[in-house]
1. Specify the residue with the greatest mean-square fluctuation among His150, His260, His198, computed from a Gaussian network of the chain linking alpha-carbon atoms under 10 Å apart.
2. Return the Rg/Rh ratio of the chain with Cα-based radii and a Kirkwood Rh.
3. To make sure I understand, if each residue's beta carbon is the centre and we count other beta carbons within 10 Å, what order do Trp12, Trp293, Trp93, Trp146 fall in, fewest to most?
4. Under a GNM of the chain (C-alpha, springs under 10 Å), which listed residue has the highest mean-square fluctuation: Gly22, Gly236, Gly291?
5. Would you mind working out the magnitude of the charge dipole of the chain relative to its Cα centre, with +1 at each Lys and Arg C-beta and -1 at each Asp and Glu C-beta, to the nearest 20 Debye?
6. Whole-Hz ³J(HN,Hα) for each residue in the stretch 82-99, computed from phi via Karplus 6.51 cos²θ - 1.76 cosθ + 1.60 with θ = phi - 60°, x for glycine and proline: what do you get?
7. How far apart, in nm, are two points set 7 Å out from the Cα along the Cα-to-Cβ line at Glu29 and at Ala247?
8. On the Cα set of the stretch 124-171, report Rg and Dmax in Å, please.
Amino acid sequence: MNKRLVRNTAAWMIASTLHLAGAVRRAHETAVQTNCTLGLYFHAPSGDLFAQIVRWFQKRHYCFLSVDELERCFRTKTPLPQRSVWISFDDAWRRNLTEVIPIIQDWNLPVTIFVPTQEVRCGTFWFTHALRNAAVLPEPFRSHVWQLWHVSESTRRQVISRLFEICPSAPRDVMSVAEIAAIAQIPQVTVGSHSVNHALMPNCTEEELREEINDSKRDLEQWTSHPVRVFSYPNGDFDDRTARLLAEAGYSLGFTTECHPITLADNPYYVPRFSIMDDGSLSENICHAFGLWQSAMNMLRALRLNRMSTGPRSDRRDQLNAAAVLR
């Protein structure tokens, strides 16, 4: 059976339970009574899913902020509007051109698209290329490809560079330079940086960090003829150096994947966002949009660990297998 189908069916059941229990209604009521903004980030959703999520918020009279409006609130300490949402897309997936951009233009929705410049040049993402071609990676990455997320940036670059020599890039997954330049002229679109190499910031030396932060900004400004003032951390990973280096490079905002609403109490270089699942249901993604999903998963993990510590050994194996479904 398709593992992703099993995962999404189970997720829909959990999300439906949260809706029926009133958790979403209560989260919505709390959000509309406070000066906070729900930051949502997508990757490559279908047009149908994107439209469903936007309509859900429109029916409840939310407004959609541009990143310029968000930046202005932080800079001037102006309270964030109640019932507000800010939308972003990470990675500049080419699918966004046909699935999302027409809706953005037709509905006049402000969005920010965060672009990794080297991936634009080569046409695909290093991580998808590694997953597709794991059989030709050197050990230990051949057996454990996820180790690439945990090694130094210099090691990752060396391995991935060799991989592209052995296996040329597949058909383009990422927008081209010309397409990035074109979308930057759309009034509703703001282009931001997602680093050069989609590098994980904590794995970089300070010199590598400066390259990722500064060089991507320079290239995007050349391609788009617009200033680039916002940055999204690849994989949501940052450390105690990144805010300083973003500020030195001239960025005004940096975005993480921390799961809570945006408030003016947040550090402008560590602004939180909620993840939207490209293949998730509307019910599940509304739970994500209010931060309910992570809380529910934490509760389930705690219950699982408690049962594992007291249940028979055979039950523990079953519980571990079941828990893996929702990861």
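Every number in this text was worked out from the coordinates using simple rules, so none of it is lab data. Note that the coordinates shown come from a computational prediction; the quantities given were computed from them, not determined experimentally. For neighbour counting, all protein chains shown are included, and Cβ atoms are generated from backbone atoms with ideal geometry for every residue, glycine included.
1. His150
2. Numbers: Rg = 20.4 Å, Rh = 21.1 Å.
Reported Rg/Rh, Kirkwood definition of Rh: 0.97.
3. Values: Trp12 15, Trp293 24, Trp93 21, Trp146 11.
With the fewest neighbours first, Trp12, Trp293, Trp93, Trp146 line up as Trp146, Trp12, Trp93, Trp293.
4. Gly22
5. Details: 35 positive and 34 negative charges, 248 e Å.
Dipole size: approximately 1200 debye.
6. Each residue's phi maps through the Karplus curve to give 5, 6, 10, 10, 10, 10, 9, 10, 9, 5, 6, 4, 5, 4, 4, 4, 9, 8 Hz.
7. 4.1
8. Rg then Dmax for the stretch 124-171, in Å: 9.6, 28.
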